[in-house]
1. Kindly check whether there is at least one residue in the stretch 229-247 that is touching a Gly at 6+ places or on another chain (Cβ under 7 Å), within 21 Å of Thr102 (Cβ to Cβ) and assigned to a helix (DSSP H, G or I).
2. Just checking: which of the helices (runs of 4 or more DSSP H) contained wholly in the stretch 250-306 hold 2 or more residues that are within 24 Å of Arg117 (Cβ to Cβ) and touching a strand residue (DSSP E or B) at 6+ places or on another chain (Cβ under 8 Å)?
3. Considering only the stretch 3-62, state which residues are touching a strand residue (DSSP E or B) at 6+ places or on another chain (Cβ under 8 Å) and buried (at least 17 other Cβ atoms within 10 Å of the Cβ).
4. Return only the number of the condition from (1) closer than 28 Å to Pro194 by Cα; (2) modelled with pLDDT of 95 or more that Glu60 does not satisfy.
5. Check whether at least one residue in the stretch 250-263 is in contact (Cβ under 8 Å) with a residue 40 or more places away in the chain, surrounded by 18 or more Cβ atoms within 10 Å (Cβ to Cβ) and among the polar types (S, T, N, Q), and report yes or no.
6. Give Leu87, Leu99, Leu56 a once-over and let me know the one that is assigned by TED's automatic domain parsing to the domain that holds Met260 and within 23 Å of Glu21 (Cα to Cα).
7. Out of all the residues in the stretch 122-132, which are surrounded by fewer than 18 Cβ atoms within 10 Å (Cβ to Cβ) and small (Gly, Ala, Ser)?
Amino acid sequence: MKPIAFIFPGQGSQYLGMGKELFENFSLAKQIFEEADDALHLSISALCFKGPEDVLKLTENTQPAILTTSIAALKVLQAEKGMVPQLTAGHSLGEYSALVATGAISFSDAVKTVRLRGKFMQEAVPVGEGAMAAVLGMEREQVEKLCEEISSEEVLTPANFNCPGQVVIAGHAKAVGQAIERVKQEGKKAVLLPVSAPFHSPLMRPAGERLEKALEGILVSDLKIPVVTNVEAEVNTSKDRVKGLLVTQVSSPVRWEECMRKMIEKGIEQVVEIGPGKVLSGLMKRIDSRIETKNLEDLQTLKKFS
């Protein structure tokens, strides 16, 4: 069997109806949604299946909703197919799903933490003051230079290094707007993202401080499977480093392309994206098209696993 990695999506992959088929057809998936509802005293299941969409899109709801859907899908995949990965990783919020998959953090603790994380990130910067944009078709070094040139008075920084030719920037709204204009002047494309805060920028440090306190009461167990972390794009096997990396992650860039290249360097030949959407599968095809990709989010995608 090919060496496999499990990867888990982050914010932006949510959609109405996610997880519903798994919930209705597998008791293990239903149990996960019910556990989330109990832990949060909120019907995450109703929010995922029925919305309303504008409420699902609120960061403090989106994060636990995606985590819950991802772990429900993981439980189904493990029970039905018995797949065991050699490595795991998750994009931003998805790193919590990866840590649940490794046994480092309990699902109940993770779902409560990411709801707080979403709240802290939303509250770190007043609505309208921060923004994010995807820069397409420019080299990493060009984007870094652009951010340096614009950020003399305001914060502007790379936030996600997703794949070749796709870097997301974040910072003060005015600085992001200037960057979009500059990118267009150079004949490239920049798209303002529909998010309400400048995630993974230094403006998120207050959120990190609050998250650090929230993580104090959470038990971290040994990692059964190593996690390639967003912050370092390196393999972590130490439970003692988990909390510190999660705190730093909030205000640091997601080094996703490097994370995937690290997995390939370690011998991974197949990645399975577990949770809503297939954004990460698409990124992997652009990072290294030789790597086999599959995703699991519903009954149709489950059938593709032999």
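The values are calculated or read from the model by the stated rules, or taken from the named source; none is laboratory data. Computed from a predicted model, the values in this text were never measured in an experiment. Backbone-built Cβ (ideal geometry, glycine too); neighbour counts: all protein chains shown.
1. Initial filter on the stretch 229-247 (touching a Gly at 6+ places or on another chain (Cβ under 7 Å)): 247.
Going one step further and asking which of them are within 21 Å of Thr102 (Cβ to Cβ), we end up with 247.
Now narrow it down to the ones that are assigned to a helix (DSSP H, G or I): 247.
Checked the stretch 229-247: at least one residue is touching a Gly at 6+ places or on another chain (Cβ under 7 Å), within 21 Å of Thr102 (Cβ to Cβ) and assigned to a helix (DSSP H, G or I).
2. Numbers: elements: 256-265, 279-287, 299-302.
Here the list reads 256-265, 279-287.
3. Looking only at the stretch 3-62, we keep the residues that are touching a strand residue (DSSP E or B) at 6+ places or on another chain (Cβ under 8 Å), and these are 3-10.
Residues satisfying the conditions are Ile4, Ala5, Phe6, Ile7, Phe8, Pro9, Gly10.
4. For Glu60, the failing item is (2).
5. For the stretch 250-263, residues in contact (Cβ under 8 Å) with a residue 40 or more places away in the chain, surrounded by 18 or more Cβ atoms within 10 Å (Cβ to Cβ) and among the polar types (S, T, N, Q): present.
6. Working: Leu87 fails: within 23 Å of Glu21 (Cα to Cα); Leu99 fails: within 23 Å of Glu21 (Cα to Cα).
It is Leu56.
7. Gly128
Yes or no, residue by residue, for (1) buried (at least 23 other Cβ atoms within 10 Å of the Cβ); (2) farther than 30 Å from Ile4 by Cα; (3) modelled with pLDDT of 95 or more:
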site	(1), (2), (3)
Gly94	yes, no, yes
Ser97	yes, no, yes
Gly137	no, no, yes
Glu153	no, yes, no
